[in-house]
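A.B. asks: Quick one: the structure is below, questions incoming.
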Amino acid sequence: MKYERFILWNGKMLDTTNEQPHIDLEERGLQFGDGVYEVIRVYKGTLHLLDPHITRLYRSMEEMELTLSLSKAELIASLYELLAKNQFQEDGIIYLQISRGVQPRVHTFSFDATPTIYAYIRKKERPALWIEYGIRAITEPDVRWLRCDIKSLNLIPNVLASTKAERKGCKEALLVRNGIVTEGSHSNFFLVKNGTLYTHPANHLILNGIVRQYIISLAHTLHIPLQEESFRVHDVYKADECFFTGTTFEVMPLTHLDGTAIQNGQVGPITKLLQKTFMQSFSTSSVFWS
Ligand SMILES: Cc1ncc(COP(=O)(O)O)c(C=O)c1O
């Protein structure tokens with residue numbers, strides 16, 4: 001299955017049935033992973049949590065000294081145009097990438113390259129069964145660089161960890177640095193102990209997920225105590241509930257870690273409450289909630 005027909009390509013709407021995007025061999029995104037990206041959820045043709053994604057994107061660019069001539073408002077307008085042009089009404093994602101541009105290959109970048117920007121839509125269903133019953137994960141050493149707060153294209157440690165998890169029949173890898181649980185390979189992580197939610201602080205060791213931020217705001221609204229505090233793997237085994245969060249994961253319960261069940265592999269009540277409240281942010285009809 002391919003992405004939808006019209007793509008946003010360097011300021012133009014390209015019809016991929018007539019024309020394919022051309023990527024130069026010396027595009028720095030290709031050669032160095034010198035760029036940033038966002039994955040934005042689309043529910044029934046509607047962009048979800050768009051503004052925080054765009055804010056994070058511009059922050060990532062700033063941290064990478066990557067300057068785009070497009071304003072946030074212009075970028076947002078072109079994403080709406082992308083949806084409209086494809087007449088997209090389903091569940092999917094928009095993948096949006098901005099890389100440094102084309103330059104003769106040397107490590108040092110100069111500021112005269114024009115950034116390459118593209119975005120496309122791909123259909124993606126909600127992982128409803130995993131959300132209902134939970135998933136299994138493995139632990140993996142967190143060997144990433146120390147600027148995990150930047151959503152850069154450099155994802156090899158995440159890619160390797162995720163692939164290892166899949167080979168072991170698991171849906172996610174829980175990353176551990178110096179004994180501390182940081183986050184998943186493509187998600188953030190929370191645990192519940194004695195009614196309080198815990199998650200790693202939003203510093204340089206994790207990506208401050210948009211769904212993470214949303215869940216933190218929901219916890220405040222629902223009067224669930226929350227601590228942005230680090231914890232260890234043995235705390236996960238002793239937790240009352242655990243879940244990952246992410247744009248495509250939503251609120252994803254963790255039932256087994258490295259083959260051991262957490263709380264008999266059941267999805268806990270606080271996780272269910274957050275799932276239900278999260279779902280209300282994009283849907284008024286209920287799918288499996290009663
Ligand atoms: C390393 C990492 N952490 C966390 C997340 C979750 O972020 P978000 O909620 O913005 O999707 C992602 C998403 O891809 C990720 O790659």
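The values are calculated or read from the model by the stated rules, or taken from the named source; none is laboratory data. The shown structure was predicted, so the numbers you read here are calculated from the model rather than taken from an experiment. Here the Cβ is made from the backbone with ideal geometry for all residues, glycine too, and neighbour counts use every protein chain on show. Ligands, DNA and RNA are stripped out before the accessible areas are found, and what is left, the full protein with its side chains, is counted by its heavy atoms. Shrake-Rupley method; radii C 1.70, N 1.55, O 1.52, S 1.80 Å.
A.B. asks: If the chain between Thr277 and Thr248 were fully stretched, how many nm would it gain, using 0.36 nm times the residue separation less the Cα-Cα distance?
C.D. replies: 8.8 nm
A.B. asks: Between 0 and 90 degrees, rounded to the nearest ten: what's the tilt of helix 156-167 against the longest Cα principal axis of the chain?
C.D. replies: 50 degrees
A.B. asks: For the stretch 128-280, what % of the accessible area comes from carbon and sulfur atoms, probe 1.4 Å?
C.D. replies: Details: 3550 of 6740 Å².
Exposed carbon and sulfur together represent 53 percent of the surface.
A.B. asks: What is the packing order of peptides 206-213, 104-111, 190-197, taking the mean over residues of other C-beta atoms within 10 Å and listing the highest first?
C.D. replies: 206-213, 190-197, 104-111
A.B. asks: Continuing with this model, one more query. Once Rh is set to the Kirkwood radius over Cα pairs, what Stokes-Einstein translational diffusion coefficient, in µm²/s, holds for the stretch 6-123 at a temperature of 37 °C and a viscosity of 0.692 mPa s?
C.D. replies: Using the Kirkwood radius from Cα pairs, D works out to 222 µm²/s.
A.B. asks: DSSP beta bridges in the stretch 128-280, what fraction antiparallel, as a percent rounded to 5?
C.D. replies: Approximately 65 percent, going by the DSSP bridge assignments.
A.B. asks: Run the dipole for the stretch 229-288 about the Cα centre, Lys and Arg Cβ at +1, Asp and Glu Cβ at -1, nothing else charged, and hand back the magnitude in debye, nearest 20.
C.D. replies: In total the dipole reaches around 140 debye.
A.B. asks: Moving on. Please find, in a Gaussian network model of the chain (springs between Cα atoms separated by less than 10 Å), the residue of Ser152, Ser71, Ser187 whose mean-square fluctuation is greatest.
C.D. replies: Of Ser152, Ser71, Ser187, the most mobile in the Gaussian network model is Ser71.
A.B. asks: Count the DSSP beta bridges whose two residues both fall in the chain, then state the antiparallel fraction as a percent rounded to the nearest 5.
C.D. replies: If I count the DSSP bridges inside the chain, around 80 percent turn out antiparallel.
A.B. asks: Placing unit charges on C-beta atoms (Lys and Arg positive, Asp and Glu negative, everything else neutral), compute the dipole magnitude of the chain about its Cα centre in debye, rounded to 20.
C.D. replies: Numbers: 31 positive and 32 negative charges, 114 e Å.
The dipole magnitude comes to about 540 debye.
A.B. asks: Among the aspartates and glutamates, select those whose C-alpha is under 15 Å from the C-alpha of Lys272, and discard any that sit fewer than 8 residues away in the same chain.
C.D. replies: Once the sequence-local aspartates and glutamates are set aside, what remains near Lys272 is Glu132, Asp240, Glu241, Glu250.
A.B. asks: Calculate for the chain the 222 nm mean residue ellipticity that helices alone would give, adding -39,500 (n - 2.57) per DSSP H run of length 4 or more and normalising by residue count, nearest 500 deg cm²/dmol. Don't skip to the answer; put the middle values down first.
C.D. replies: Details: 8 runs with 80 residues, N = 290.
Counting only the DSSP helices, I get -8000 deg cm²/dmol.
A.B. asks: Moving on. Among the lysines, which fall within straight-line cross-link reach of Lys12, defined as a Cα-Cα distance under 16 Å, with same-chain neighbours fewer than 8 residues apart omitted?
C.D. replies: Lys85
A.B. asks: Here's another thing I want to ask about it. Please report, to two decimal places, log10 I(q)/I(0) for the chain at q = 0.07 Å⁻¹ as given by the Debye formula with identical point scatterers on the Cα atoms and no solvent.
C.D. replies: -0.28
A.B. asks: Can you give the accessible area per residue of the chain, in Å², using a 1.4 Å probe? Let's see the in-between values first.
C.D. replies: Values: 14230 Å² over 290 residues.
Normalised by residue count, the accessible surface of the chain is 49 Å².
A.B. asks: Here is a further query. Cβ under 13 Å from Leu174's Cβ, Leu174 left aside: what net charge do those residues give with Lys, Arg +1 and Asp, Glu -1?
C.D. replies: The answer is 0.
A.B. asks: Can you compute the FRET efficiency between Gln31 and Gln213 using 1/(1 + (r/R0)^6), with r the Cβ-Cβ distance and R0 = 35 Å? Round to the nearest 0.05.
C.D. replies: Efficiency at R0 = 35 Å is approximately 0.60.
A.B. asks: Right, here's the next one. With +1 on each Lys and Arg Cβ and -1 on each Asp and Glu Cβ, and nothing else charged, work out how big the dipole of the stretch 6-123 is about its Cα centre, in Debye to the nearest 20.
C.D. replies: Dipole of the stretch 6-123, to the nearest 20 debye: 320 debye.
A.B. asks: With each pseudo-label sitting 7 Å past Cα toward Cβ, what's the Thr163-Lys124 distance in nm, one decimal?
C.D. replies: 2.0 nm
A.B. asks: Can you find, among Phe111, Cys148, Gln263, the residue farthest towards the positive end of the dipole of the chain? Put +1 on the C-beta of Lys and Arg, -1 on that of Asp and Glu.
C.D. replies: Among Phe111, Cys148, Gln263, the one farthest towards the positive end of the dipole of the chain is Gln263.
A.B. asks: Given R₀ = 25 Å, what would the calculated FRET efficiency be for Lys238 paired with Trp145, taking r from the Cβ atoms and rounding to 0.05? Each step should come with its number before you reach the end.
C.D. replies: Numbers: r = 30 Å, r/R0 = 1.22.
Given R0 = 25 Å and the Cβ-Cβ separation, E is 0.25.
A.B. asks: I'd like the per residue volume of the convex hull spanned by the Cα atoms of the stretch 128-280, given in cubic angstrom.
C.D. replies: On the way: hull volume 15.2 nm³, N = 153.
Convex hull of Cα atoms, per residue: 99 Å³.
A.B. asks: Between Ile180 and Glu228, how many nm apart are label points set 7 Å from Cα along the C-beta direction?
C.D. replies: Output for this residue pair reads 1.3 nm.
A.B. asks: For the chain, with a Gaussian network of springs between Cα atoms less than 10 Å apart, report the residue from Glu228, Glu65, Glu19 with the top mean-square fluctuation.
C.D. replies: Glu19
A.B. asks: Shifting gears a bit: Using a 10 angstrom cutoff on alpha carbons, build the Gaussian network for the chain and name the most mobile of His204, His220, His22.
C.D. replies: Answer for the Gaussian network model of the chain: His22.
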